[in-house]
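K.L.:
Quick one: the structure is below, questions incoming.
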Amino acid sequence: MAVAALTLAFVAHASTHARTKAAIASLGVYARTCRWFVTIAPECTHHDRRDARGEPQPCDLSTFLERGWCRLENLARMSMGPAGMFNYAGGDVLQYTGDDDEMVRVLVQVFQGQFTVESDKERLVPVMIGLWFFLLQARFMGSLLKHVDYDEKVFQLICDNKDDVFPDKYFGRKIALVEGLVAEHHERLTSGQH
């Protein structure tokens, strides 16, 4: 008998409470550790957000993927590979995330997502550096070991779009430093120097 745990996170607004902020900031790390990750985003409308005409704003999978924090948690989980990642947007079908190349391209663009609080992007820097460090290490370790969980498609998309994924405004030289450290460590491992 299979047992599954389901965690639902409801984030309705930016909170000033320190614990809530810490929990939100840990979403990227937490999401990365989940074996199953299902985004539930059926078509509906916001009850408290209106467009210029006064109509309720839509809320669905596409608007979910426009939000920076949502992109981060999806990217974090996707960094381990798409197995176990699904989207539910209504109807009777779960869509396997790994089948949607356009969605994967959107997910790596975390900093181009929408943020209610623009300064939250600064809080994402350590999480994004940690995810990139993991992907670099996993890729290098994959050349030494037979099985390491990471996703080559995500790795390649990040490499191909580094300026957008790691905007200089927020990251400066941090990414180059992390890459240098990982490459140096890998070189020592492969040459027998510890």
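The values are calculated or read from the model by the stated rules, or taken from the named source; none is laboratory data. Computed from a prediction, not measured in an experiment: that's the story for all the values here. Cβ atoms come from the backbone with ideal geometry, glycine included; neighbour counts cover every protein chain shown. What goes into the accessible areas is simple: the full protein's heavy atoms, side chains included, and nothing from ligands, DNA or RNA. Shrake-Rupley method; radii C 1.70, N 1.55, O 1.52, S 1.80 Å.
K.L.:
Mind listing whichever residues of region 180-194 are open to solvent by 50 Å² or more (accessible area, probe 1.4 Å) and either assigned to a helix (DSSP H, G or I) or closer than 26 Å to Leu124 by Cβ (or both)?
P.N.:
Leu181, Glu184, His185, Glu187, Arg188, Leu189, Thr190, Ser191, listed by residue number.
K.L.:
Out of all the residues in region 147-170, is one or more without any contact (Cβ under 8 Å) to a residue 40 or more places away in the chain, among the charged types (D, E, K, R) and part of a loop (DSSP other than H, G, I, E, B)?
P.N.:
Checked region 147-170: no residue is without any contact (Cβ under 8 Å) to a residue 40 or more places away in the chain, among the charged types (D, E, K, R) and part of a loop (DSSP other than H, G, I, E, B).
K.L.:
Taking Gly54 as the residue in question, decide whether it is in contact with a Phe, Trp or Tyr (Cβ under 9 Å, 6 or more places away or on another chain) and open to solvent by less than 50 Å² (accessible area, probe 1.4 Å).
P.N.:
Here the answer is no, as Gly54 does not meet what is asked.
K.L.:
Another question, then. Got a sec? Which helices (runs of 4 or more DSSP H) wholly within region 1-85 have at least 1 residues that are modelled with pLDDT of 70 or more, touching a strand residue (DSSP E or B) at 6+ places or on another chain (Cβ under 9 Å) and within 30 Å of Leu136 (Cβ to Cβ)?
P.N.:
27-33, 61-66, 68-78
K.L.:
From the list Arg77, Arg105, which residue is open to solvent by 30 Å² or more (accessible area, probe 1.4 Å) and at negative phi?
P.N.:
Arg105
K.L.:
Which of the residues that make up region 108-126 are in contact with a strand residue (DSSP E or B) (Cβ under 8 Å, 6 or more places away or on another chain) and either at pLDDT below 90 or open to solvent by 20 Å² or more (accessible area, probe 1.4 Å) (or both)?
P.N.:
Gln114, Phe115
K.L.:
Show the residue pairs that are 6+ apart or on different chains and have beta-carbon atoms under 6 Å apart, the first residue being within region 127-143 and free of Cβ contacts under 8 Å to residues at least 60 places away in the same chain and buried (at least 16 other Cβ atoms within 10 Å of the Cβ), the second being among the polar types (S, T, N, Q) and outside any helix (DSSP H, G or I).
P.N.:
Qualifying pairs under 6 Å: Leu135/Ser79.
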